[in-house]
Amino acid sequence: MSYKIYRHPEVEQDLFDIVDLIADYAGVLIAMNKLAEIEATILSLVDTPHVGTIRDEIAPNLRAIPTARKGVITFTVDDAERTVLIISITYAGANWLGRMPARL
């Protein structure tokens, strides 16, 4: 049975910032391709939510997975509710750890 994906309200801004960053140095087409890769990774969590590295030392049940070669998606999994909450998406070495306190 599949899990439902939810996104922290600031994740859309994360994605906008990533597209903007990539478009500035590589062009809009490449930026949109990277966005598609990130979205595909998120979609894969519907069927395989327990992937990635568990980062309990940062927050309970927090996981992190790489995406689109230079990106990191952080999320939590609630097995009782069968949900995945995307907490943040960063790219090119952006400080995802710095986003955690405000988003958790």
(request) Go through the stretch 55-102 and give me each residue that's without any contact (Cβ under 8 Å) to a residue 60 or more places away in the chain, part of a strand (DSSP E or B) and within 21 Å of F16 (Cα to Cα). (result) A64, I65, P66, T67, G71, V72, I73, T74, F75
(message) Scan the stretch 12-23 and tell me whether some residue there is assigned to a loop (DSSP other than H, G, I, E, B) and farther than 13 Å from Y91 by Cβ.
(response) no
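Please pick out the residue among T83, T67, T76, T48 that is more than 14 Å from Y6 (Cα to Cα), out of contact with any Ser or Thr (no Cβ under 8 Å at 6 or more places or on another chain) and polar (S, T, N, Q). Steps first, please.
Numbers: T83 fails: more than 14 Å from Y6 (Cα to Cα); T67 fails: out of contact with any Ser or Thr (no Cβ under 8 Å at 6 or more places or on another chain); T76 fails: more than 14 Å from Y6 (Cα to Cα).
Only one candidate qualifies: T48.
Let me confirm something: among T74, T90, which residue is among the hydroxyl-bearing types (S, T, Y), touching a Gly at 6+ places or on another chain (Cβ under 7 Å) and crowded, with 20+ Cβ neighbours inside 10 Å? Outline the logic, then answer.
Values: T74 fails: touching a Gly at 6+ places or on another chain (Cβ under 7 Å).
It is T90.
In the list V11, V51, which residue meets the criterion of being under 12 Å from the mean Cα position of the chain (by Cα), surrounded by 11 or more Cβ atoms within 10 Å (Cβ to Cβ) and hydrophobic (A, V, I, L, M, F, W, C)?
Numbers: V51 fails: under 12 Å from the mean Cα position of the chain (by Cα).
Of the residues listed, the single one that is under 12 Å from the mean Cα position of the chain (by Cα), surrounded by 11 or more Cβ atoms within 10 Å (Cβ to Cβ) and hydrophobic (A, V, I, L, M, F, W, C) is V11.
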(message) On the basis of being surrounded by fewer than 19 Cβ atoms within 10 Å (Cβ to Cβ), in contact (Cβ under 8 Å) with a residue 12 or more places away in the chain, touching a helix residue (DSSP H, G or I) at 6+ places or on another chain (Cβ under 9 Å) and not hydroxyl-bearing (S, T, Y), does L21 make the cut?
(response) yes
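What tally of residues in the stretch 57-87 results from selecting those that are of a type in the set (G, A, S), in contact with a strand residue (DSSP E or B) (Cβ under 6 Å, 6 or more places away or on another chain) and under 17 Å from L43 (Cβ atoms)? Please lay out each step first, then the result.
Keep residues of the stretch 57-87 that are of a type in the set (G, A, S), which gives 59, 64, 68, 71, 80.
Remaining after also requiring in contact with a strand residue (DSSP E or B) (Cβ under 6 Å, 6 or more places away or on another chain): 64, 71.
Pick out the ones that are also under 17 Å from L43 (Cβ atoms) and you get 71.
Number satisfying all stated conditions: 1.
Quick grid of which residues meet (1) modelled with pLDDT of 95 or more; (2) in contact with a helix residue (DSSP H, G or I) (Cβ under 7 Å, 6 or more places away or on another chain):
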| site | (1), (2) |
| --- | --- |
| L15 | yes, yes |
| I42 | yes, no |
| T74 | yes, yes |
| T83 | yes, no |
| R99 | no, no |
(message) Looking at (1) over 24 Å from M1 (Cα atoms); (2) surrounded by fewer than 19 Cβ atoms within 10 Å (Cβ to Cβ); (3) not hydrophobic (A, V, I, L, M, F, W, C), which one does E37 not meet, given that it meets all the others?
(response) (1)
(message) Quick test of your reading of the structure: S2 fulfils all but one of (1) surrounded by 12 or more Cβ atoms within 10 Å (Cβ to Cβ); (2) in contact (Cβ under 8 Å) with a residue 40 or more places away in the chain. Name the failing condition by number.
(response) (1)
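The values are calculated or read from the model by the stated rules, or taken from the named source; none is laboratory data. Computed from a predicted structure; not experimentally measured. When we count neighbours, we look across all protein chains shown, and the Cβ atoms used for this are built from the backbone with ideal geometry, even at glycine.
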